[in-house]
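K.L.:
Before anything else, here's the structure in question.
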Amino acid sequence: MLDLNFVRENLALVEEKLRQRGMNPAEMLKDFRAIDAERRQAITQTETLQARRNRASEEIAKLKKSGQDAAAAIQETKDLREKIQECEKKAAEFDARMRDILTALPNLPHASVPVGSSAEGNVEARRWGAPPQFDFKPKPHWELGEHLGVLDLERAVKLTGARFAVYWGLGARLERAIANFMLDLHTREHGYTEVLPPYLVNSESMYGTGQLPKFAQDLFRVPHGERDLWLIPTAEVPVTNLYRDEVLDGARLPISLTAYTPCFRSEAGSYGKDVRGIIRQHQFQKVELVKFSRPENSYDELEKLTRNAETVLQKLGIHYRVVSLSTGDMGPSSAKTYDIEVWLPGQGLFREISSCSNFEAFQARRANIRYRPEGKNKTEFVHTLNGSGLAVGRTWVAIVENYQQADGSVRIPEALQPYMGTDRITARSA
């Protein structure tokens, strides 16, 4: 959420940033100026009437003390109380309308974000490695998985429905090995603290990180008594909300956390996309990286977080590129996002495997996460960041497609062999 005072004092800038995102400022801001003026007027009237009522109360006390008739003053306080209640009601109505506007506004893109209306405006920042060379036509992971007997989509449909998967044997072990490798790398080498959060969260948590109310259709809701719980779409939600409504010690920042969780997404609006294989699933596993930073350091922390995620692919020896998303392609909560896209030779394309974002104070303001700078009494909002480090299923896909052999087997990257207990997946070993 954006700060009301900032929007009020920088309305022209906000309008321009909305246009950069491909949005209509008039539709997003609605009657912002009028509502803001009416709200402030109602608040001022309330405060003025309260001051008059306080003076009238003091007058009543003086009249009674001197034995004089206080009936007129008492009636005045009753009249003022009714007027105050009316003004408070009016102010609350304008508060609600203003909050609706602010809640719907996206974050403002950072000045370094390329301006563009869609993914066509994204800018490649760098590449690492090179595509593997094959003397045969590489297969996509769904064909390899079926041949090896490690990926079973038909039985997943029987168990649950489309966009779910069952892994068998070394396929299941590979998923587990990837996650353990990532967690060990991020905790031992990159200094993150591992967290195991709940997989169900309340609506307040979903609101704090920006999933609610805008993206309710993309979530799995679980009615629980008189309230709703939600299956997490990413560990970003519970891990960021660990510090909701808290004030952190500035000396602790940055705080770097990592978590391995399943993720659940309804993928509303994506039907017909990526129907083959396990690229777009309703349930998938991911290792998440989350940071809480001082505002002045948050963009340095974004670069570090992105490099931490890249290290996974470097150690696995898999070709990838990093892309800076344009203003029209970023998520609404982000001020800047890098996508890491991995090369998939079986499909002949790059595919996103991680999005690393700086949300600045956007989430912290919604979740009320503050810190106290050293030597200061006044608190400030932290900056929150997160990124996949990495999506485990898509890393599984990348390994299977990049390390496939002519006989249909899959070689295991050296970094994963201690976790796998083997150097190859064959139809016989699987």
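K.L.:
With everything on Cα atoms, drop me the angle between helix 71-104 and the longest principal axis of the chain, reported from 0 to 90° to the nearest 10.
P.N.:
The answer is roughly 20 degrees.
K.L.:
Check each of the trypsin sites (Lys or Arg not before Pro) in the stretch 353-404 and keep only those in coil by DSSP with at most 13 other C-beta atoms within 10 angstrom; list them in order.
P.N.:
For trypsin sites (Lys or Arg not before Pro) across the stretch 353-404 that sit outside H, G, I, E and B with at most 13 neighbouring Cβ atoms in 10 Å, the list reads LYS376, LYS378.
K.L.:
What fraction, in whole percent, of alpha-carbon pairs in the stretch 103-146 exceed 12 Å separation?
P.N.:
80 percent
K.L.:
Calculate the dipole size of the chain relative to its Cα centre from +1 charges on Lys and Arg beta carbons and -1 charges on Asp and Glu beta carbons; express the result in debye to the nearest 20.
P.N.:
420 debye
K.L.:
Where does the charge balance sit around THR103 when Lys and Arg score +1, Asp and Glu -1, over other residues with C-beta under 10 Å from its C-beta?
P.N.:
It works out to a net charge of +2.
K.L.:
List the pair-distance distribution P(r) of the chain, using every Cα-Cα distance, as the percent of pairs falling in each 10 Å bin from 0 up to the bin containing the longest distance, rounded to whole percents.
P.N.:
Once binned at 10 Å, the Cα pair distances of the chain give 4, 18, 26, 22, 13, 8, 5, 3, 2, 1, 0.
K.L.:
With +1 assigned to the C-beta of every Lys and Arg and -1 to the C-beta of every Asp and Glu, and no other charges, what is the dipole magnitude of the stretch 342-426 about the Cα centre in debye, to the nearest 20?
P.N.:
Here the stretch 342-426 has a charge dipole of around 600 debye.
K.L.:
OK, next. Mind telling me which of ARG52, ARG252, ARG307 comes out most flexible in a GNM of the chain, alpha-carbon contacts under 10 Å?
P.N.:
Judging by the Gaussian network model, the answer is ARG52.
K.L.:
Among HIS224, HIS186, ILE369, which residue has its Cα furthest toward the positive end of the charge dipole of the chain, with +1 on Lys/Arg Cβ and -1 on Asp/Glu Cβ?
P.N.:
HIS224
K.L.:
Name the residue from LEU289, ALA130, LEU325 whose Cα lies farthest towards the positive end of the charge dipole of the chain, charges +1 on Cβ of Lys and Arg and -1 on Cβ of Asp and Glu.
P.N.:
LEU289
K.L.:
Right, next: Place +1 on the Cβ of every Lys and Arg and -1 on the Cβ of every Asp and Glu in the chain, take the dipole about the Cα centre, and give the residue among PRO114, ALA335, PHE94 whose Cα lies farthest towards its positive end.
P.N.:
Ranked along the dipole, the leading option is PHE94.
K.L.:
What value, in deg cm²/dmol to 500, does the helix sum -39500 (n - 2.57) over DSSP H runs of n ≥ 4 give at 222 nm once divided by the residues of the chain?
P.N.:
So the calculated ellipticity at 222 nm is -12500 deg cm²/dmol.
K.L.:
Would you look at the GNM of the chain, springs on alpha carbons closer than 10 Å, and say which of GLY129, GLY375, GLY408 moves the most?
P.N.:
Per the Cα network of the chain with a 10 Å cutoff, GLY375 tops the list.
K.L.:
Let me make sure I get this right: for the stretch 150-269, a, b and c are the square roots of the gyration tensor eigenvalues over alpha carbons, sorted descending. Under 1.5 in a/c it's rounded, otherwise prolate if a/b > b/c, else oblate. Which is it?
P.N.:
Judged from the Cα gyration tensor, the stretch 150-269 comes out oblate (a/c at least 1.5, b/c at or above a/b).
K.L.:
Additional query: Top mean-square fluctuation among GLY208, GLY389, GLY348, Gaussian network model of the chain, C-alpha springs under 10 Å?
P.N.:
In this elastic network of the chain, the residue with the biggest mean-square fluctuation among GLY208, GLY389, GLY348 is GLY348.
K.L.:
Is the C-alpha gyration tensor of the stretch 25-176 telling us rounded, prolate or oblate? Criteria: a/c under 1.5 is rounded; beyond that, a/b larger than b/c is prolate, otherwise oblate.
P.N.:
prolate
K.L.:
Find out how many positive minus negative residues lie around PRO197, taking Lys and Arg as positive, Asp and Glu as negative, among other residues whose Cβ is under 11 Å from that of PRO197.
P.N.:
Summing Lys/Arg as +1 and Asp/Glu as -1 gives -3.
K.L.:
Which pairs break 30 Å Cα to Cα here: LYS273/LYS336; LYS137/LYS291; LYS64/LYS89?
P.N.:
Those over the limit are LYS137/LYS291; LYS64/LYS89.
K.L.:
Mind checking the angle between helix 392-402 and the chain's longest principal axis? C-alpha axes, 0 to 90 degrees, to the nearest 10.
P.N.:
Tilt of helix 392-402: around 30 degrees.
K.L.:
Among the GluC sites (Glu not before Pro) in the stretch 363-403, which ones are in a DSSP loop with at most 13 other Cβ atoms within 10 Å of the Cβ? Mind listing them?
P.N.:
Within the stretch 363-403, the qualifying GluC sites (Glu not before Pro) (loop, at most 13 other Cβ atoms within 10 Å) are GLU374.
Read-outs: derived from the displayed coordinates by stated rules, not from any lab. Since this is a predicted model, take the numbers as computed values, not measurements. All Cβ positions, glycine included, derive from the backbone under ideal geometry; neighbour counts span all protein chains shown.
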